[in-house]
1. Is the stretch 68-108 rounded, prolate or oblate when judged by the Cα gyration tensor, a ≥ b ≥ c being the square roots of its eigenvalues, rounded requiring a/c under 1.5 and prolate requiring a/b larger than b/c?
2. Counting other C-beta atoms within 10 Å, and keeping those with at most 15, which DSSP coil chymotrypsin sites (Phe, Trp or Tyr not before Pro) do you find in the stretch 1-92?
3. Checking the a/c ratio against 1.5 first, then a/b against b/c, what shape does the Cα gyration tensor give for the stretch 163-320?
4. Against the globular-protein guess of 2.2 N^0.38 Å, express the Cα radius of gyration of the stretch 84-217 as a ratio, rounded to two decimals.
5. Return the subset of 12/116; 116/154; 79/306; 141/256; 15/185; 78/288 for which the Cα-Cα distance in this structure is over 27 Å, preserving the input order.
6. Taking one equal scatterer on every alpha-carbon of the stretch 238-305, how large is log10 of I(q)/I(0) by Debye at q = 0.21 1/Å?
7. What percent of all Cα-Cα pairs in the chain falls in each 20 Å bin, counting up from 0?
8. Charges at C-beta only: +1 for Lys and Arg, -1 for Asp and Glu. How large is the resulting dipole of the stretch 1-107 about its Cα centre, in Debye rounded to 20?
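We did not get these values from a lab; they are worked out from the coordinates using the rules stated. Bear in mind that the values here come from a model prediction, so they are computed numbers and not experimental data. Here the Cβ is made from the backbone with ideal geometry for all residues, glycine too, and neighbour counts use every protein chain on show.
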Amino acid sequence: MASETVVRKIEKLRKEIHYHSYLYYVKDQPEITDYEFDKLYRELVDLEKEYPELITSDSPTQRVGGKATDDFDKVKFKKPMLSLSNAFNAEELHDFHRRVTGGLGDAKVEYITELKIDGLSMNLVYENGRFVQGLTRGDGKVGEDVTANVKTIKTIPLFIENAPKYMEVRGEVYMPRQSFIRLNKARDESGDMPFANCRNAAAGSLRQLDPQVTAGRNLDFFAYGLGSIEGMEITSQAQLLAQLERFHFHVNPHYKKWNSIEEVIQEVNQWQDSRRTLEYDTDGLVIKVSDFAQQERLGATGKDPKWAIAYKYPPEEAVT
Ligand SMILES: NC(=O)c1cc2c(N)ncc(C(N)=O)c2s1
């Protein structure tokens, strides 16, 4: 039976490895060498081999631990995942603004803009800080349980310090462009059909039946929202993004706050071309009323929230 010192040693190693993984994969600012990291990891693997009863699902050694499955369980969301209505030009953004100010009795509105990532939306469930379940969006009411595959995504924290009792984090799983190009080259060489775009490649990689295959696809995740939550008070989208960063999630850095729809329109125009320099595909910008109380007041019609809209860029001409 493991002694108290072994238990403490294992917990210390896990915390260190989680932290250095965050620095390496999320911040891209490692503080130790790969050699030192590998030594810590090897030490934990050896201790867990010696004391298997101490292995927990949130240990960094359990990222690629799941077994292959032949289908995914379907799970009902506590809080449905809404979809976004679209705007395709400035006039439609003015219409959105008129609806928002009308619905808020002309109160002052702060907007926040975030890049719309071309991937697949996910719901990640954390209980007392431990990652316990990853669900695809599905139809917004029922998602598919792809937990074993989600665990292989290195920027998704398996354990969060000072987390609330229950928290659902929402965001986008995506495949960086460089990984997409490498994957299609390998598929071409092995005679497999190439994926049409990054989004299809991410969806195909996440819905793999074998987590070992998913682990090799270099998927990433941008956190941007919350599902059901207990034990944490957040009052705005801007505050939420800052809190998700403090929880060590990968948060897309290009979010900005604005006090007028005219500034939002300028931001939308600014990204029209410059988004092509990013390392991942985007298909627009998401514009949200930042204040959560104002979001509540505006509510949602059916599936679409009235406090957010997606501005969509025309699809890029496919490179022939
Ligand atoms: N369907 C949705 O509600 C969203 C979809 C997306 C997406 N693909 N990328 C970014 C965000 C965001 N930052 O809010 C959202 S929100």
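1. Oblate shape, in that a/c is at least 1.5 and b/c is the bigger or equal ratio.
2. Filter output for the stretch 1-92: 88.
3. In terms of gyration-tensor shape, oblate.
4. 1.33
5. 12/116; 141/256; 15/185
6. -1.15
7. 29, 56, 14, 0
8. Its charge dipole is roughly 380 debye.
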